[in-house]
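A short write-up of the structure that comes next.
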Amino acid sequence: MKEEHSQYKTCKACGHTDERAISELDAAFEERRIWSDPCSKCGSKDISSSGSSMPSVNRAVLEEWSRNDELMILSQDEDLILGEGENLPLLEEFLRKETTLPSKKVTLLSAICVVVYDNTPDEDDDKEINDEFARNAIDVLVRNESIFAELDDTYICDYIKDVVYPKIGKSKKTNT
Ligand SMILES: [Zn+2]
């Protein structure tokens, strides 16, 4: 059964809101969510607001995403979206897949680091953490050290590396 997602856009000229249903794989990717049809009421193309529900990260979505450099779930902070403890088995699966593009592997690695980071207590200690997620994510990183070494990790943010790398016995590469 294919999950359907709803999308809306509100016309800037007349205030009318158009809605439509889109497939899970259309809803999943920024490029495919683009809706450039004119307002159904007045024909204007100016939009005051728009949005759509986003599917959860699943195998079908990652299957498309991992092979196509043009497809993005989000153009910014994609690793933060992917980096949820529940996603770890899928993140590792696609990290190890031969068909996954190197650029996507870096995002997956970063997402796994984000899971460690998000579940490590910080100085303020006011965030909710899950020890098991952190441990599992560290295990994934250690298990896949060889893949890690092959990739350019400059995409991974320094503040994340500072917390995560010591936990996996890795030093931060310097760009000299
Ligand atoms: Zn309109």
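Of the residues 163, 90, 138, the one whose Cα sits farthest towards the positive end of the charge dipole of the chain is 90 (charges of +1 on Lys and Arg Cβ, -1 on Asp and Glu Cβ, taken about the Cα centre). Please report, to two decimal places, log10 I(q)/I(0) for region 137-176 at q = 0.20, 0.26 Å⁻¹ as given by the Debye formula with identical point scatterers on the Cα atoms and no solvent. So the normalised log intensities are -0.59, -1.02. The charge dipole of region 59-168, taken about its Cα centre with unit charges on the Cβ atoms of Lys, Arg (+1), Asp and Glu (-1) only, comes to about 580 debye. Charge tally around residue 93: other residues with Cβ under 13 Å, Lys/Arg +1 each, Asp/Glu -1 each, net +3.
Gain on full extension, evaluated as 0.36 nm per residue between residue 46 and residue 68 minus their Cα-Cα distance, stands at 4.9 nm. Among 157, 14, 113, the largest mean-square fluctuation in a Gaussian network model of the chain, built with springs joining Cα atoms closer than 10 Å, belongs to 14. The simple Förster model, with R0 at 25 Å and r as the Cβ-Cβ distance, assigns residue 98 and residue 8 a FRET efficiency of 0.05.
Annotation note: trypsin sites (Lys or Arg not before Pro) in region 16-125 located in DSSP loop regions with a Cβ neighbour count of at most 16 within 10 Å are 41, 45, 97. Express in % the proportion of alpha carbon pairs of region 4-52 at distances exceeding 18 Å. Taking all Cα-Cα pairs of region 4-52, the fraction more than 18 Å apart is 26 percent.
By how many nm would the segment from residue 56 to residue 152 lengthen if fully extended, with 0.36 nm per residue of separation less the alpha-carbon distance? Please list the in-between numbers first.
Numbers: separation 96, 0.36 × 96 = 34.56 nm, distance 2.74 nm.
In short, 31.8 nm is gained.
Multiplying the sequence separation of residue 123 and residue 77 by 0.36 nm and subtracting their Cα-Cα distance, what value in nm do you get? Working shown, then result.
Working: separation 46, 0.36 × 46 = 16.56 nm, distance 2.35 nm.
This chain segment gains 14.2 nm when fully extended.
Shown in residue order for region 114-119 are the 3J(HN,Hα) couplings computed by the Karplus curve 6.51 cos²θ - 1.76 cosθ + 1.60 at θ = phi - 60°: 4, 4, 4, 4, 5, 10 Hz (x for Gly and Pro). Note that the chain, at 4 °C in a medium of 1.567 mPa s, gets a Stokes-Einstein diffusion coefficient of 72 µm²/s from its Kirkwood radius over C-alpha pairs.
Taken together, the values in this text are just the output of simple stated rules run on the coordinates, not laboratory data. Being a predicted model, the structure only gives us computed values, none of them experimental. In this analysis, Cβ positions are derived from the backbone assuming ideal geometry, glycine residues included, and neighbour counts consider all displayed protein chains.
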